[in-house]
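None of the figures in this text is laboratory data; all of them are computed from the coordinates on show. If you're wondering where the values come from, they're calculated on a predicted model, not measured in any experiment. Virtual Cβ from ideal backbone geometry, glycine too; neighbours counted across all protein chains shown.
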Amino acid sequence: MYLTKEEERILEGHEGVVRQRALEIVVKVGEVLGAERLIKVTKAHVSGISYKNIGDAGLELIEELFTSKGAFSVPTSLNPAGMDLKLWKFMNLPRTYVEKQNRIINCLRSMGAEPLLTCIPYLIEPPSFGEQVAWGESNAILYANSVLGARTNREGGPLALFEGIVGRAPYVDLRTDESRKPTICVICELRKDSKLSQLPGLIGFHIGSTVKSGVPYIKGVEHFLKDNYDLRLFLAGIGTAGGIGLALIDKISPEAPKSLPENVETVKIDEIELRESYEKLSIDLDDVDAVVLGCPHMSDRELHSVINVIKSKGRSRRRIIVFLPRSLNDSLSLVKLRKYNLEVYNDTCMVVCDLRAMGVERVVVDSAKAAYYLSSQGYSVRLMSLNEILRWAFT
Ligand code: F3S
């Protein structure tokens, strides 16, 4: 791989052991992927920072980087952690868990990371069109590439961390013009009045599991994506089911072609196949412990429209738990919301915190991504649309 003089200096250890080690890893990954050079990135977003997920091994790695004087060289944000940093007492977590999660955040903060602790950094500090960033977290990657036209590969959590330290990433795949062209066309033939088409996350999940990799050009979904929330659910669904990092969505993506590309395979998705995907993600539940919303995280505006619906109907009969970024909402009183049977948490999410410790085993969600990961953690999960949930929660 071609390296600049500055990169060679880093590899020789002139800029410290952590930068040296980080660059060694980035170069190795680049060589495996066939990159001929590295490219500077302007931002990083690091996932995999929940103590529940990374455990003692992850904590040790992060502490070692910190004690060896590691630091981020570009603005670096963080994905959700394993607890709400202020309301962890309401989450019934053991003291050791809380202490170790705090150590992870404190080390990363001291290395210069901004603890946004959210998976929607693109709504808070969006990269611009063509900007090269190093992002972990599949829904954020898909949003950055597909909606904003920024450029990132699907960097796993540790790789985004090392790329944030050296400010460079392998110049390969979705970072290059050639790899951002459609490799397959997906035509959505769902009826607008079908019940399953009210689940944008499910449509995305189905496309992700059908296509699996490459760059799909997707036509006919715009009717089912009414707002930004739907779009995020849709992209999160795509990212959950396969390795896709860029989806060119007709009428939404700035890089989507104006017409169906020639010489590219076309697949159609219909109601029957969508039902099969639904049945993989959702089971009928006689009883549920909670409705859990915010995967990807909700925005403050979305939360307030949920609160308005709830307030207009009185106290919900079902416990409703919502996750969103603290930087968008740090002022709601949990105590006040509890009278509506609503709980709002920041800094964490339903998948990387411990819902069981919160007394939740059977859940209703509106997100295919949440349905997939919670089912794989042994929870009983039912998938419903947000509108349907907000009606059903009062019955
Ligand atoms: Fe975000 Fe957690 Fe879902 S990180 S996309 S809320 S699994």
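When only DSSP loop residues count, what trypsin sites (Lys or Arg not before Pro) in the stretch 154-255 have their Cβ near at most 15 other Cβ atoms within 10 Å? Mind dumping the intermediate values first?
Numbers: sites: ARG154, ARG168, ARG175, ARG180, ARG191, LYS192, LYS195, LYS212, LYS219, LYS226, ARG232, LYS251; in loops: ARG154, ARG191, LYS192, LYS195, LYS212, LYS226, LYS251.
Counting only loop positions with at most 15 other Cβ atoms within 10 Å, the trypsin sites (Lys or Arg not before Pro) in the stretch 154-255 are ARG191, LYS192, LYS195, LYS212, LYS226, LYS251.
Cα-Cα pairs above 17 Å in the stretch 281-395: how many percent?
That fraction is 50 percent.
Go through the stretch 158-201 and name the GluC sites (Glu not before Pro) that are in a DSSP coil and have 13 or fewer other Cβ atoms within 10 Å of their Cβ.
Those satisfying the criteria are GLU189.
In Å, the Kirkwood hydrodynamic radius of the stretch 5-58 over pairs of distinct alpha carbons?
Over the stretch 5-58, the inverse of the mean reciprocal pair distance is 13.1 Å.
Using 1/(1 + (r/R0)^6) with R0 = 56 angstrom and r between the beta carbons of LEU260 and ARG95, what's the FRET efficiency to the nearest 0.05?
Details: r = 58 Å, r/R0 = 1.04.
So the FRET efficiency works out to roughly 0.45.
What Kirkwood radius, in Å to one decimal, follows from the Cα pairs of the stretch 257-349?
Roughly 16.3 Å, rounded to one decimal.
From the alpha carbon gyration tensor of the stretch 269-312, can you work out the equivalent ellipsoid semi-axes (sqrt of 5 times each eigenvalue) and give them in Å, largest to smallest?
Details: eigenvalues 152, 52, 21 Å².
That gives 28, 16, 10 Å for the three semi-axes.
Looking at the stretch 336-390, what % of the alpha carbon pairs are farther apart than 19 Å?
So the portion of pairs separated by more than 19 Å is 31 percent.
What is the fewest-to-most order of GLU114, GLU276 by other Cβ atoms lying within 10 Å of their Cβ?
The most exposed by this proxy come first: GLU276, GLU114.
Please report, for the Cα atoms of the chain, the Rg to one decimal and the Dmax as a whole number; what are they, in angstrom?
Looking at the chain, its Cα Rg and Dmax stand at 21.1, 67 Å.
So which chymotrypsin sites (Phe, Trp or Tyr not before Pro) in the stretch 1-86 end up in coil per DSSP with only 15 or fewer other C-beta atoms within 10 Å? Display every interim value, and only then the final one.
Details: sites: TYR2, TYR51, PHE66, PHE72; in loops: TYR2, PHE72.
Passing sites in the stretch 1-86 are TYR2.
Average projected area of the Cα convex hull of the stretch 156-295, in nm²? Present the calculation step by step, with values, prior to reporting the outcome.
Values: hull surface 42.7 nm².
Computing the convex hull of the Cα atoms and averaging its projections yields 10.7 nm².
Can you give the FRET efficiency to the nearest 0.05 for VAL309 and ARG275, using r as the Cβ-Cβ distance and R₀ = 25 Å?
0.35
For a footprinting-style exposure proxy, rank CYS107, CYS119, CYS349 by other Cβ within 10 Å, fewest first.
CYS107, CYS349, CYS119
Can you run phi through the Karplus equation (6.51, -1.76, 1.60; θ = phi - 60°) for the stretch 72-78 and list ³J(HN,Hα) in whole Hz, with x for Gly and Pro?
Result, ordered by residue: 6, 9, 10, x, 10, 9, 10 Hz.
With a ≥ b ≥ c taken as the square roots of the eigenvalues of the C-alpha gyration tensor of the stretch 85-224, please select rounded if a/c is under 1.5 and otherwise prolate if a/b is larger than b/c or oblate if it is not? Display every interim value, and only then the final one.
On the way: a/c = 2.69, a/b = 1.41, b/c = 1.90.
Judged from the Cα gyration tensor, the stretch 85-224 comes out oblate (a/c at least 1.5, b/c at or above a/b).
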